[in-house]
1. When only residues in the stretch 141-156 that are small (Gly, Ala, Ser) and surrounded by fewer than 11 Cβ atoms within 10 Å (Cβ to Cβ) count, which is modelled with the lowest pLDDT?
2. Would you confirm, using the coordinates I've provided, whether LEU35 is loosely packed, with under 15 Cβ neighbours inside 10 Å and modelled with pLDDT under 95?
3. Counting only residues that are under 9 Å from the mean Cα position of the chain (by Cα) and within 16 Å of VAL54 (Cα to Cα), how many does the stretch 73-83 have?
4. Within the stretch 79-131, track down each residue that is modelled with pLDDT under 85 and either under 13 Å from GLY62 (Cα atoms) or in contact with a Pro (Cβ under 7 Å, 6 or more places away or on another chain) (or both).
5. Please go through the stretch 6-28 and pick out each residue that is of a type in the set (D, E, K, R) and either within 12 Å of ALA162 (Cα to Cα) or outside any helix (DSSP H, G or I) (or both).
6. Looking at (1) farther than 19 Å from ALA15 by Cα; (2) touching a Leu at 6+ places or on another chain (Cβ under 7 Å); (3) crowded, with 24+ Cβ neighbours inside 10 Å, which is the one condition that is false for VAL86?
7. Please work out if VAL159 is assigned to a helix (DSSP H, G or I), at pLDDT 75 or above and closer than 25 Å to ASN27 by Cβ.
8. Just to be sure, is GLY76 more than 16 Å from GLY104 (Cα to Cα) and part of a helix (DSSP H, G or I)?
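The values are calculated or read from the model by the stated rules, or taken from the named source; none is laboratory data. Owing to the predicted nature of the structure, the values given are computational and were not obtained by experimental measurement. FYI the Cβ positions are ideal-geometry reconstructions off the backbone, even for glycines, and counts take in every protein chain you see.
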Amino acid sequence: MSWLEGILLGIVATAAVIDLRTRRIPNWLTLSAVLLGFVLQGMVSGVHGLIYAVLGLLVGAGLFFIPFALGGMGPGDVKLMAAVGVFLGPKDALWAVLLTGVAGGVLALVWAVLHGRVGRAFQRTGSLVGAAIDPRRRAAQGGMPTLEKDANWSIPYGVAIAFGVALALWWRTL
């Protein structure tokens, strides 16, 4: 593992702990991580590193913007994945997003079981998927439903991001 990857793991681990405790990922962490990633990529690889970082940011933030727009995650999750993209570049950011999705699905199931919300979680997800696929269903529901957060029950997605990034880094060593 490179020292850049070590720094990134420290950032996502910090975000996971903060998210577990507060259900928020603070701007001071995400924005400083983005800035640090750009500085380090520029130092290590010059202009090529900066282009690599920009493309990674676009992949990470762009793919996480979709569930954010649907109300399924907070802005801190998007900004954290943008920072991940800056450190990993576009290809590995894509892997991190995909593996974070897997980790997030497992986390959501565990969280739902622990909080007795399995039925409600499947119902809300089914409504969203059904409305996305069938315009008639969407019209009958009065528009596109969202995955708005329940104030009493939310998933600390920073944990899933940390696991997804760790899995992506492990995956690329195979």
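1. Out of the qualifying residues, it is ALA151.
2. no
3. Number satisfying all stated conditions: 5.
4. Once the filter is applied, which keeps residues that are modelled with pLDDT under 85 and either under 13 Å from GLY62 (Cα atoms) or in contact with a Pro (Cβ under 7 Å, 6 or more places away or on another chain) (or both), the stretch 79-131 yields SER127, LEU128, ALA131.
5. Passing the criteria: ASP19, ARG23, ARG24.
6. (1)
7. It is true that VAL159 is assigned to a helix (DSSP H, G or I), at pLDDT 75 or above and closer than 25 Å to ASN27 by Cβ.
8. For GLY76, the condition - more than 16 Å from GLY104 (Cα to Cα) and part of a helix (DSSP H, G or I) - is not met.
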